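Read-outs throughout are calculated quantities, based only on the coordinates presented, and are distinct from any laboratory measurement. On a predicted model such as this, the values are computed, not experimentally measured, just so you know. All Cβ positions, glycine included, derive from the backbone under ideal geometry; neighbour counts span all protein chains shown.
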Amino acid sequence: MKLAIVTHAEHPELDGSVPDLLPRFMRHDPIVEAFRPRLYEVYPDFQLWAVDRDRRRTVAYGCTLPVGWNGEPEPRGLDWALSSGAEGEPSALCAVVAGVVPEYRGTGVSEALLDRMATIAAGHGLETLVAPVRPTWKARYPLTPIERYVAWRRGDGLPYDPWLRTHERLGAELLAPAPRSLTIAGSRQEWEEWTELTFPEDGDYVVPGALAPVHFAGGKGIYVEPAVWMAFHTG
């Protein structure tokens, strides 16, 4: 495979060329929903597309933006990066989301994206690349608190979670969980539409693709998604 990593500024026509890789309900965090267009309009040099040149196919994407980072892991994770972080004086580059189409996972595309992100950070004089990482396998253990999940290690000492493991192998430091990285609220009807499930009574529900249970009360469902802050030093 001949892989090319290009920016949105170079190839804006690639927007929409990767299928939606996240659960449908993930589209409905209000901060993410409001900020997403700005990523491509205001920060096109910081958005990446990975293209399989042999097959002329877009196989991955990565979104970043400069943030005012004081070195402290923010509990609100992604929501912080797209609100307070984006308003601060830039001191770090924050990777806010990345996705690889399933058949290309494990082929080195993720590593290439992270490497390019670090290069972009260094090129803009930002000595740190940070990320509120969405751990890939946490959805398999939605009832396990994120604080315990991040402590799981394999026999070789590396994280159990493959996406956290990729970051650590490339030199990232695991800082701390972001227990409230996203908050998605919707009516019972909306959640049933988003998930194609039925929620007949109040309580906690395990939803496919969710990293934690969705809590229903009074006809409203609230999902609070955790993430894990990781940091690379590029300087």
Compute the long axis of helix 30-42 from its Cα atoms, compare it with the longest principal axis of the Cα atoms of the chain, and write down the angle in degrees, 0 to 90, nearest 10.
20 degrees
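Within the chain, which is the longest segment containing none of the trypsin sites (Lys or Arg not before Pro) that sit in a DSSP loop and have at most 14 other Cβ atoms within 10 Å?
Working: sites that count: Lys2, Arg53, Arg55, Arg56, Arg154.
Longest site-free region, per DSSP loop and neighbour criteria: 57-153.
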Modelled label reach - Thr107, point 7 Å along Cα→Cβ, region 51-85 residues with backbone N closer than 17 Å:
51-62
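Past the 14 angstrom mark, what percentage of all C-alpha to C-alpha distances in region 31-76 do you count?
On the way: 670 of 1035 pairs.
So the pairs more than 14 Å apart make up 65 percent of the total in region 31-76.
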Between Ser84 and Trp152, what is the spin-label point distance in nm, taking each point 7 Å from the Cα along the Cα→C-beta axis?
3.0 nm
Once a ≥ b ≥ c are taken as the square roots of the eigenvalues of the Cα gyration tensor of region 50-182, is the result rounded (a/c under 1.5), prolate (a/b larger than b/c) or oblate (a/b not larger than b/c)?
oblate
May I ask you to list the GluC sites (Glu not before Pro) in region 146-235 that are in a DSSP loop and have at most 11 other Cβ atoms within 10 Å of their Cβ?
Glu196, Glu201
Cα centroids of region 143-171 and region 30-108: how far apart, whole angstrom?
21 Å
By count of other Cβ within 10 Å, fewest leading, how are Leu65, Leu113, Leu21, Leu3 ordered?
Leu21, Leu3, Leu65, Leu113
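Tell me, rounded to the nearest percent, the portion of alpha carbon pairs in the chain spaced more than 29 Å apart. Walk me through the intermediate numbers first.
Values: 7538 of 27495 pairs.
Summing the P(r) tail past 29 Å for the chain gives 27 percent.
What FRET efficiency would be calculated for the residue pair Ala176, Val6, taking the C-beta separation as r and a Förster radius of 35 Å, to the nearest 0.05?
On the way: r = 33 Å, r/R0 = 0.94.
Efficiency computed from Cβ-Cβ geometry: 0.60.
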